[in-house]
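The values are calculated or read from the model by the stated rules, or taken from the named source; none is laboratory data. Here the structure is a predicted model, which is why all the values come from computation and not from measurement. In this analysis, Cβ positions are derived from the backbone assuming ideal geometry, glycine residues included, and neighbour counts consider all displayed protein chains.
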């Protein structure tokens with residue numbers, strides 16, 4: 001299959017800037033770039049049309065980038081809590097998906113959709129994770145995702161304490177008659 005030439009209408013990560021003529025695989029063009037209105041086919045008519053609209057497109061891009069930068073300043077350092085079931089070792093039953101992160105961020109006041117969440121690897125364990133959220137092709141922020149079994153556990157993790165409490169630690173924190181008696185007899 002021959003590569004398809006496209007004119008980018010906005011910056012596309014790992015591909016190019018607005019106005020660049022790039023060659024991509026036909027499926028990538030047909031299934032992503034063209035339907036998302038991120039590119040135009042690079043034929044004679046579209047090149048002329050793009051050059052006529054270039055100033056307007058660049059102005060619109062600058063306006064959207066500035067809005068995204070203001071939003072990034074306002075919500076910088078956002079942290080979201082996601083409560084999930086997990087085993088004793090801290091492994092989740094399943095994983096935390098971009099959809100889960102987007103819903104939690106929206107509940108925290110940052111209205112985003114799942115396609116804006118850039119997650120290199122799925123979150124499959126309890127704890128704090130950093131996830132990148134792309135507000136604009138040129139502006140992204142880091143969101144801290146706190147995955148815990150309960151809200152109390154999430155608060156402990158946020159303070160830097162160990163999330164999982166072992167039985168021995170639990171006995172020290174909540175002594176019962178049996179623990180006290182066993183503690184005295186070992187002397």
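List of remarks:
- Qualifying strands (runs of 3 or more DSSP E) (wholly inside region 75-154; at least 2 residues being in contact with a helix residue (DSSP H, G or I) (Cβ under 7 Å, 6 or more places away or on another chain), outside the structural domain of residue 62 (by TED's automatic domain parsing) and free of Cβ contacts under 8 Å to residues at least 12 places away in the same chain): none
- Residue pairs meeting the criteria (Cβ under 9 Å; at least 6 apart or on separate chains; first farther than 10 Å from residue 7 by Cβ, in region 43-59; second assigned to a helix (DSSP H, G or I)): 57/50
- When 74, 65, 54, 11 are checked against the criterion of being out of contact with any strand residue (DSSP E or B) (no Cβ under 9 Å at 6 or more places or on another chain) and within 30 Å of residue 144 (Cα to Cα), a single residue qualifies: 74.
- Residues that are assigned to a strand (DSSP E or B) and surrounded by fewer than 16 Cβ atoms within 10 Å (Cβ to Cβ), drawn from region 6-52: 21, 23, 41
- Evaluation of residue 71 against (1) farther than 26 Å from residue 17 by Cα; (2) surrounded by 14 or more Cβ atoms within 10 Å (Cβ to Cβ) (one fails), failing number: (1)
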